[in-house]
């Protein structure tokens with residue numbers, strides 16, 4: 001069984017099947033296994049974000065993974081708001097930031113020590129856990145100025161972003177979750193070819209009607225206490241899901257000839273999988289002249305003075321690299 005969203009299907013011609021394509025997150029459900037999830041392939045969007053910064057390749061790969069995690073989680077928000085992924089670590093790449101603003105805007109950047117990254121490349125220590133080092137991963141949901149932020153913190157101590165995201169769900173959301181990520185740089189021949197970044201990911205969650213089915217068996221401690229751990233339930237449906245997801249090859253997550261829908265069909269056609277309308281994701285920074293001007297208006301006279309260079313105040317957005325320039329006289333009230 002292969003089902004599509006009925007509303008979408010009515011908009012297509014008879015016999016025509018629509019594919020979400022690149023830069024669209026595709027929600028899906030495998031109802032016989034009580035599984036829901038999302039999958040995505042990022043292409044042109046990723047090129048736009050990474051090319052403007054000209055990161056060393058290992059840094060670009062790491063930020064691409066952060067982008068995939070962010071869009072998979074951010075597109076699940078059912079309200080106007082923002083999902084923010086941020087790392088703070090002691091490794092060569094000491095900060096990654098990626099944020100998704102509903103309904104479709106993504107931006108991201110990485111901060112790194114160029115000398116340490118070069119040393120890591122020479123030493124062959126370019127795995128995500130090597131570049132990140134020790135620190136924390138913060139995943140934040142922001143619903144706006146008048147609401148309280150929700151934040152989950154995961155320790156990064158020799159683990160990848162993929163494993164850290166699983167830990168987040170296990171600790172914070174108490175939802176059995178599996179996640180797969182893949183990033184690659186492809187070289188395409190012919191006109192319009194050259195090097196292009198691609199990244200993909202799949203997130204699957206076990207959401208049966210009965211909460212009891214989500215739990216592992218109670219673990220009895222030495223003091224007689226019991227604790228429920230929503231990690232790996234012994235439920236047959238969830239175990240089958242884990243086995244199916246484990247068969248995914250990294251290339252399948254990024255291959256444009258496979259795509260999200262074909263990958264889901266390969267995995268779940270025996271059970272029947274329902275796919276829903278894809279959510280488009282765009283390279284869209286929220287910086288603006290108005291916002292930066294507002295920040296500068298909050299500076300003290302001394303801070304304004306220290307910000308002046310060559311008679312002007314110049315600000316570059318770390319996300320999109322857009323340059324802004326202001327006359328210090330506009331902020332004379334701060335003196």
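Might you check whether a residue that is outside the structural domain of residue 107 (by TED's automatic domain parsing), closer than 22 Å to residue 106 by Cβ and in contact (Cβ under 8 Å) with a residue 40 or more places away in the chain occurs anywhere in region 260-277? Checking region 260-277: not a single residue is outside the structural domain of residue 107 (by TED's automatic domain parsing), closer than 22 Å to residue 106 by Cβ and in contact (Cβ under 8 Å) with a residue 40 or more places away in the chain. When region 153-183 is filtered for residues that are farther than 24 Å from residue 242 by Cα and under 16 Å from the mean Cα position of the chain (by Cα), only 153 remains.
Listed by position, the strands (runs of 3 or more DSSP E) inside region 223-332 whose residues that are closer than 30 Å to residue 197 by Cβ and touching a helix residue (DSSP H, G or I) at 6+ places or on another chain (Cβ under 7 Å) number at least 2 are 273-275.
Within region 83-94, the only residue that satisfies the criterion of being assigned to a strand (DSSP E or B) and surrounded by fewer than 16 Cβ atoms within 10 Å (Cβ to Cβ) is 88. For region 135-149, a tally of residues being free of Cβ contacts under 8 Å to residues at least 60 places away in the same chain, out of contact with any helix residue (DSSP H, G or I) (no Cβ under 6 Å at 6 or more places or on another chain) and surrounded by 13 or more Cβ atoms within 10 Å (Cβ to Cβ) returns 4.
Summed over region 218-243, the residues that are surrounded by fewer than 16 Cβ atoms within 10 Å (Cβ to Cβ) and at pLDDT below 50 give a count of 12.
The values are calculated or read from the model by the stated rules, or taken from the named source; none is laboratory data. Model, not experiment: these values are computed from the prediction. Here Cβ is always computed from backbone atoms with ideal geometry, including for glycine, and neighbour counts include all displayed protein chains.
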